[in-house]
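Peer 1: Quick one: the structure is below, and I'll ask about it shortly.
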Amino acid sequence: MVRDLILKNRSYRRFYQEVAIEPETLRGLVDLARLSASAGNRQPLKYILSCDPEKNALIFSQLAWAAYLKDWPGPSEGERPSAYIIILGDTEVSQSFLCDHGIAAQSILLGATERGLGGCMIASVKVDELRKALSIPPRYEIMLVLALGKPKEKVVIESVGPDGDIKYWRDSESVHHVPKRSLDDIIIG
Ligand SMILES: Cc1cc2nc3c(=O)[nH]c(=O)nc-3n(C[C@H](O)[C@H](O)[C@H](O)COP(=O)(O)O)c2cc1C
């Protein structure tokens, strides 16, 4: 079952923007992050939630999407995320966040998948602009933005070919293909 959930939990970048996500749903997802592992159990992560169209628009304009898809500037109006969770590192709790934010992000996205939603981790963020737009105090480091919504695209996993190219791509029907390395390639001993 965990494998099925992980298989379904792809990075989605096009959504049914009109399908709203309630604040309570976002709180439930952050609760999954709250219960996840944290280095030294320091729990330095804090979160900003957004499911309001105006706040969503402020966040959206600071994100970069799908760097390998050179001809695609990101989701167009109507296909944009209906919610975001911004993961922050509280420097008054810890100076290093190790991989806490990655673990939190995965917990949140698995929870979203279980709820019939989907999303994408976004690290390509104009952090200074986002900080300004949302008045995020300097004590919080912006670690990741999670875009969330009801997925509107098909994403398929395939094997990395003999040329070793790991770049994801879209076919003529807008199906998004994600090459994954084989088990034998990644288990080295
Ligand atoms: C730490 C991290 C940062 C990422 N940042 C971005 C990003 O800035 N923009 C984006 O479109 N996708 C981003 N992604 C999504 C990856 O491109 C995606 O995970 C990869 O293509 C594999 O697809 P999959 O998640 O469906 O397996 C990020 C993923 C991770 C784990």
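The values are calculated or read from the model by the stated rules, or taken from the named source; none is laboratory data. Quantities reported herein were computed from a predicted structural model and do not represent experimental measurements. Don't worry about glycine lacking a Cβ; one is built from the backbone with ideal geometry, like all the others, and counts go over all protein chains shown. The area values use the complete protein model at the heavy-atom level, side chains included, leaving out ligands, DNA and RNA. Shrake-Rupley method; radii C 1.70, N 1.55, O 1.52, S 1.80 Å.
Peer 1: Tell me, which residue of segment 149-189 that is of a type in the set (Lys, Arg) and touching a residue at least 60 places away in the same chain (Cβ under 8 Å) is farthest from ALA20 (Cα to Cα)?
Peer 2: Among residues in segment 149-189 that are of a type in the set (Lys, Arg) and touching a residue at least 60 places away in the same chain (Cβ under 8 Å), the one farthest from ALA20 (Cα to Cα) is LYS167.
Peer 1: Turning to a different aspect of this structure: Report yes if ARG14 is basic (Lys, Arg), modelled with pLDDT of 95 or more and surrounded by fewer than 16 Cβ atoms within 10 Å (Cβ to Cβ), otherwise no.
Peer 2: Answer is no for this residue.
Peer 1: If you don't mind, there's one more thing I want to ask. Output the residues belonging to segment 102-129 that are part of a helix (DSSP H, G or I), surrounded by fewer than 21 Cβ atoms within 10 Å (Cβ to Cβ) and within 16 Å of the chain's Cα centre (by Cα).
Peer 2: Within segment 102-129, GLY102, ILE103, GLN106, SER107, LEU110, GLY111, THR113, GLU114, VAL127 qualify.
Peer 1: To continue, here is another question. Does ASP165 fit the bill of being under 17 Å from ALA67 (Cβ atoms), more than 12 Å from the ligand (Cβ to nearest atom) and either not aromatic (Phe, Trp, Tyr) or not in a helix (DSSP H, G or I) (or both)?
Peer 2: yes
Peer 1: Only residues that are open to solvent by 50 Å² or more (accessible area, probe 1.4 Å) and touching a helix residue (DSSP H, G or I) at 6+ places or on another chain (Cβ under 7 Å): list them for segment 90-101, please.
Peer 2: Residue satisfying the conditions is LEU98 alone.
Peer 1: Would you check if ILE136 is within 18 Å of the chain's Cα centre (by Cα) and buried (at least 17 other Cβ atoms within 10 Å of the Cβ)?
Peer 2: no
Peer 1: I need the full set of residues from segment 32-61 which are in contact (Cβ under 8 Å) with a residue 40 or more places away in the chain, part of a strand (DSSP E or B) and open to solvent by 30 Å² or more (accessible area, probe 1.4 Å), in order please.
Peer 2: LYS46, TYR47, ILE48
Peer 1: Any residue at all in segment 90-103 that's under 19 Å from LYS132 (Cα atoms) and away from the ligand (no atom under 14 Å from the Cβ)?
Peer 2: Yes, segment 90-103 has at least one match.
Peer 1: I've got another one for you. Is it the case that segment 74-93 has a residue that's part of a helix (DSSP H, G or I) and modelled with pLDDT of 95 or more?
Peer 2: No, because not a single residue in segment 74-93 is part of a helix (DSSP H, G or I) and modelled with pLDDT of 95 or more.
Peer 1: Could you tell me which residue of segment 62-89 is nearest to ALA105 (Cα to Cα), considering only residues that are open to solvent by 50 Å² or more (accessible area, probe 1.4 Å) and more than 11 Å from the ligand (Cβ to nearest atom)?
Peer 2: By that ranking, first place goes to ARG80.
Peer 1: Ok, one more. Go through segment 142-162 and report how many residues are closer than 19 Å to TRP72 by Cα and within 12 Å of the ligand (Cβ to nearest atom).
Peer 2: Of the residues in that region, 6 qualify.
Peer 1: Just checking, does segment 173-183 include any residue being within 13 Å of the ligand (Cβ to nearest atom) and in a loop (DSSP other than H, G, I, E, B)?
Peer 2: Checked segment 173-183: at least one residue is within 13 Å of the ligand (Cβ to nearest atom) and in a loop (DSSP other than H, G, I, E, B).
Peer 1: PRO179 is checked against (1) closer than 28 Å to ASP71 by Cβ; (2) out of contact with any Lys or Arg (no Cβ under 9 Å at 6 or more places or on another chain) and fails just one. What number does that condition carry?
Peer 2: (2)
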